[in-house]
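J.: I'd like to ask some things about the structure below.
Please treat every number below as a calculation from the coordinates, not as lab data. Just so it is clear, the model here is predicted, and its values are computed rather than measured. All Cβ positions, even for glycine, are placed from backbone atoms using ideal geometry, and neighbour counts span all protein chains on display.
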Amino acid sequence: MPIDLTLSHYSDLAFGSSFAVYLIAAVLLVAEFASSRVPANASAPRALVASGGGPPVIQGPAKVIVQPSRSRAERLGRMGQSVIGVGFGLHVASIALRGLATHRAPWGNMYEFVSLACAAGVLAGLVILRGPVLRRLWSFALLGVLLLMFVAGDLLYTTAAPVVPALQSYWLIIHVSIVSTGSGVFLISGVASALFIVRQRYSGESRQASLLGRFAQRLPDAATLDRVAYRTTIFAFPLFSAGVILGAVWAEAAWGRFWGWDPKESTSFLAWVIYAAYLHARATSGWREGKAAWINIAGFTAMLFNLFVINIVVSGLHSYAGLN
């Protein structure tokens, strides 16, 4: 069937609009992060308890507690998160319109793959990064999404077209969608581990002594960052594992062998091993802190290397970048 150029044009407009909306959201969330305050001694409210261990004693007339209005940082953060939802809707529309325009699964080249992975990362963030504390991670997660979308739209963009014969298979829908979704969720995990290291290393410094110290104290506590990194990896790792296995099944159907140590296959296996090592290290005493976080960052670095260097620079059976 011929390519629908009108729908393809609308897809490009939706992609550019989603990028612009994400950028606005990032500005709002960065403003929230910059204006947020970290109390010097955060403690829970304490009741006045009788010295004999009896029930609390309240002296004087009862007072009406007025709920304080939301701070400026809270309002900016809520606005930013709402704007992300609008951008995500436009982003999904751009992917759907691309599929309708090409009459195939809209992830047949690097531009489309990166766009889908970014959408998966944003969706993971909308599910996980909620509340005034975790919302502070959005500034950094969106930075990664915007960078990847800029590279996809400016350097990797290709006009809507049919895929090469080797990709004209139902396995394209299954294998690539699973891998790209896992890759997007790994983005949130990698950001959380990187911020965990910053928080752990610099949060003990005086707020006046170091810019990094002031920055680190605005981040969620190290335990929260570590928990976000671990839980997102726990979700993404089975997806990535399934993608690798299903890719091997597709390779057997297309090339007559399950595994041939093609550069793409080798690097995917390396990334899988690194993430498996992270999960093992995270459960091992003595490795749960910075060592495990560094392994997680190494895994995400391997994913980026596999996505860009292997697809663009190295020639192999998986050279389907679609670049002109």
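J.: For residue 130 and residue 284, FRET efficiency with R0 = 30 Å and r from the beta-carbon atoms, rounded to 0.05?
T.: With a Förster radius of 30 Å, E is 0.50.
J.: Residue 259 versus residue 23, label points 7 Å from Cα toward the beta carbon: distance in nm?
T.: Using points 7 Å along Cα→Cβ, the separation is 4.4 nm.
J.: Right, something else. Can you pull out the trypsin sites (Lys or Arg not before Pro) in segment 89-156 whose DSSP state is coil and whose Cβ has at most 13 other Cβ atoms within 10 Å?
T.: 130
J.: Under 8 Å for C-alpha pairs, at least 6 residues apart: give me the relative contact order for segment 164-318, rounded to a whole percent.
T.: Averaging sequence separation for qualifying contacts and normalising by length gives 27 percent for segment 164-318.
J.: Next up: For segment 22-29, just list the computed ³J(HN,Hα) in residue order, Karplus coefficients 6.51, -1.76 and 1.60, θ = phi - 60°, integers in Hz, with x standing in for Gly and Pro.
T.: Whole-Hz 3J(HN,Hα) from phi for segment 22-29: 4, 5, 4, 4, 4, 4, 5, 6.
J.: Output the peptides 257-269, 219-231 sorted from most to least packed, where packing is the average of other Cβ atoms within 10 Å over each peptide's residues.
T.: Highest to lowest by the protection proxy: 219-231, 257-269.
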